[in-house]
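**Student:** Just dropping this structure here.
What follows is calculated from the coordinates using simple rules that are stated; it is not laboratory data. What you see is a predicted model, and the numbers here were worked out from it, not measured in a lab. Here the Cβ is made from the backbone with ideal geometry for all residues, glycine too, and neighbour counts use every protein chain on show.
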Amino acid sequence: MLQDISPHHFDIAFEKGDGHSPQAKDLVAAWQGDELLLCGEKGQSALPTVEQCMQAGWDSGKLRYLFSLDEQAVYYLDLADTPFPFPKSCRLEKASSLREISPQHLSFIALVSAHLHRWYNAHHFCGHCGEAFTLSQKERALICPNCGLVEYPRINPAVIIAVTDGDRLLLSRYANRPYRRWALLAGYCEAGESLEETVRREVQEEVGLSVCNLRYYKSQPWPHTDSLLMGFYCDVEGKTEPRIDENELAEAQWFLREELPIEDPKQLSLTQEMIATFREGREPKSKQAEA
Ligand SMILES: [Zn+2]
C-alpha cells in the first residue's frame with residue numbers, strides 16, 4: 001500500500017520538533033497554493049534540501065518541523081506567506097499528481113505534507129474568536145492565545161467494506177466522480193457511531209443489504225482526503241440482490257474470486273489490496289466459515 005515504504009522509515013513523532021534545528025542535509029516541503037516544490041525530473045523527483053534552499057537565499061528560521069524520513073528531518077514552508085526564490089532546477093507539482101511520482105517513499109511523504117499543509121493553511125485564525133493562532137511547543141497543535149482554543153490536525157475516519165457471499169465479493173462503481181474503477185463500498189463515520197455501526201449503515205444505505213460477521217483487516221492513512229481508512233470484511237445476511245443508491249453509486253455487482261478485476265497491480269490503496277487478498281482466498285475468515 002501507499003504507506004508501505006520499507007526499508008525507509010517514516011516518523012511523525014513531534015518530540016523531534018522540540019528544539020530541532022534544520023541541518024544542511026534535511027529536506028523542505030514548500031507549498032504554494034496546491035502545488036509542492038520539487039527538484040529533478042519526473043520519475044526521479046526529490047524534495048529540495050535545506051542546503052539548496054539556503055543557497056537560494058532562504059531563512060532557515062522560517063522552516064517548521066513536520067516529520068522525519070530515515071535520518072532526514074522534513075520541514076514545512078508556505079511560499080504564499082514567505083515568497084522565497086526557487087532553488088536551482090526546482091519546479092512546482094500539483095498535489096493531485098503526487099500519487100504518480102516516484103520513488104514511492106517520496107510520493108507518500110509528499111502526500112502527508114499536503115495533508116498538513118491543507119490543515120495549517122486553513123487554520124491561520126481561531127474559529128471561535130478570530131485571534132491569530134500560535135504553534136503549540138509540546139504537540140502538533142495550534143493554540144489561540146486569546147480564548148485558549150486548541151486545534152489538532154483534522155483526520156477523518158472512514159471504513160472500506162468488502163461484502164462477501166461465500167466465494168463472491170460485492171464491487172461497485174461511483175456515480176458522478178472521476179474515479180471510474182471498480183471499488184469496495186466506503187463511507188465516513190458519523191458523530192456518535194462505532195466503526196461497526198458505520199459498516200452496517202453504509203452497506204444498508206448504498207446497496208440496501210444487511211451484513212454480519214465483521215472482520216477487521218488493516219488500516220491505511222489516506223492523505224488525499226485527510227482520512228484514516230479502516231478495512232473490514234463482512235458476510236451478507238438475508239437477501240443478496242443489491243439495490244443501489246443512485247446518488248452515490250452507478251452500479252454494484254457480485255464477482256467470483258477468480259473473476260475479480262485487477263485494476264491497480266501496485267495495490268497502493270487499501271481497497272485494491274483487499275480485492276486482491278480476496279481473489280487469492282487470503283482474507284480473514286468468519287468463525288462460521290471455519291467451523
Ligand atoms: Zn480564540
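**Student:** Restricting to DSSP loop positions (anything but H, G, I, E, B) with no more than 12 other Cβ atoms inside 10 Å of their own Cβ, which GluC sites (Glu not before Pro) remain in segment 42-131?
**Tutor:** Counting only loop positions with at most 12 other Cβ atoms within 10 Å, the GluC sites (Glu not before Pro) in segment 42-131 are Glu71.
**Student:** Let me ask another. Can you tell which of Phe133, Pro85, Leu185 lies farthest toward the positive end of the dipole of segment 57-207, using +1 and -1 charges on the Cβ of basic and acidic side chains (Lys, Arg; Asp, Glu)?
**Tutor:** Pro85
**Student:** Distance in nm between label sites at Tyr174 and Gln204, each 7 Å beyond Cα in the beta-carbon direction?
**Tutor:** 2.5 nm
**Student:** A follow-up question, please. Net charge within 15 Å of Leu195 by Cβ-Cβ distance, Lys/Arg positive one each and Asp/Glu negative one each, not counting Leu195 itself?
**Tutor:** -1
**Student:** Next up: So what is the diffusion coefficient of segment 10-121 in µm² per second by Stokes-Einstein at 20 °C and 1.002 mPa s, using a Kirkwood Rh over Cα pairs?
**Tutor:** On the way: Rh = 13.8 Å.
Translational diffusion coefficient: 155 µm²/s.
**Student:** Give me the orientation-averaged projected area of the Cα convex hull of segment 162-234, in nm², one decimal.
**Tutor:** Here the figure is 5.6 nm², rounded to one decimal.
**Student:** In addition: How many nm separate the modelled label positions at Thr240 and Asp226, each set 7 Å beyond the Cα in the direction of the Cβ?
**Tutor:** 4.1 nm
**Student:** Which is farthest toward the positive dipole end of the chain among Asn121, Cys39, Val211, measuring Cα position about the Cα centre, with Cβ charges +1 (Lys, Arg) and -1 (Asp, Glu)?
**Tutor:** Cys39
**Student:** Along its three principal axes, how long is segment 156-282 when you only count alpha carbons? Whole Å, largest extent first please.
**Tutor:** Dimensions of segment 156-282 along the principal axes of its Cα atoms: 37, 35, 30 Å.
**Student:** With the cut-off at 1.5 for a/c, could you classify segment 211-291 from its C-alpha gyration tensor as rounded, prolate or oblate? Don't skip to the end; give the middle numbers.
**Tutor:** Numbers: a/c = 1.38, a/b = 1.14, b/c = 1.21.
Verdict is rounded for segment 211-291.
**Student:** Give me the percent relative contact order of segment 1-120, please, defined on Cα pairs under 8 angstrom at least 6 residues apart. Each step should come with its number before you reach the end.
**Tutor:** Values: 195 pairs, mean separation 39.5, N = 120.
It rounds to 33 percent for segment 1-120.
**Student:** Turning to a different aspect of this structure: Answer rounded, prolate or oblate for the chain, using the Cα gyration tensor with square roots of eigenvalues a ≥ b ≥ c: rounded when a/c is under 1.5, else prolate when a/b is larger than b/c, else oblate. List each step's numbers first, then the result.
**Tutor:** Details: a/c = 2.41, a/b = 1.82, b/c = 1.33.
Prolate.
**Student:** On a C-alpha basis, how far is the centre of segment 78-136 from the centre of segment 169-211 in Å? Whole number, if you could?
**Tutor:** About 30 Å separates the Cα centre of segment 78-136 from the one of segment 169-211.
**Student:** Going by how many other beta carbons lie within 10 Å of each one, how would you line up Phe108, Phe125, Phe14, fewest first?
**Tutor:** Ranking Phe108, Phe125, Phe14 by Cβ neighbours within 10 Å, fewest first, gives Phe125, Phe14, Phe108.
**Student:** Another question about this same structure. With contacts defined as alpha carbon pairs under 8 Å and 6 or more residues apart, what's the relative contact order of segment 156-282 in percent?
**Tutor:** Reported as a whole number, the value is 33 percent.
**Student:** Per residue of the chain, what 222 nm ellipticity follows from adding -39500 (n - 2.57) for every DSSP H run with n ≥ 4, rounded to the nearest 500?
**Tutor:** -5000 deg cm²/dmol
**Student:** Go through segment 275-281 residue by residue and turn each phi into a ³J(HN,Hα) via Karplus (6.51, -1.76, 1.60, θ = phi - 60°); whole Hz please, and just put x for glycine and proline.
**Tutor:** For segment 275-281, the Karplus-derived couplings read 5, 5, 5, 5, 4, 8, x Hz, x marking Gly and Pro.
**Student:** What does the net charge come to around Arg180 if you take all other residues with beta carbon closer than 10 Å to its beta carbon, with K and R at +1 and D and E at -1?
**Tutor:** So the surrounding residues net to +2.
**Student:** Given the C-alpha centroids of segment 1-53 and segment 234-262, what is the distance between them in whole angstrom?
**Tutor:** When both Cα centres are located, 40 Å separates them.
**Student:** Compute the helix-to-body angle for 104-121: its Cα long axis versus the longest principal axis of the chain, expressed 0 to 90° and rounded to tens.
**Tutor:** For helix 104-121, the angle is close to 70 degrees.
**Student:** Please list, in chain and number order, the residues 5+ apart from Ala162 or on another chain whose amide H is under 5 Å from its amide H, with Hs placed from the backbone.
**Tutor:** Phe232, Tyr233, Cys234
**Student:** Would you mind checking the tilt of helix 195-207 against the longest principal axis of the Cα atoms of the chain, expressed as 0 to 90 degrees and rounded to 10?
**Tutor:** In the chain, helix 195-207 runs at an angle near 60 degrees to the longest axis.
**Student:** Out of residues 5 or more away from Ala73 or on other chains, whose amide H comes under 5 Å of its own, with H placed 1.01 Å from N in the peptide plane?
**Tutor:** Leu27
**Student:** Using a Förster radius of 41 Å, what is the FRET efficiency between Val150 and Tyr216 based on their Cβ-Cβ separation? Nearest 0.05, please. Could the numbers behind the result be given before it?
**Tutor:** Details: r = 31 Å, r/R0 = 0.75.
Computed FRET efficiency for Val150 and Tyr216 comes out at 0.85.
**Student:** Would you work out the relative contact order for the chain, in percent, from Cα pairs under 8 angstrom that are 6 or more residues apart? Mind showing how you got there, number by number?
**Tutor:** On the way: 537 pairs, mean separation 46.1, N = 291.
Contact order relative to length: 16 percent.
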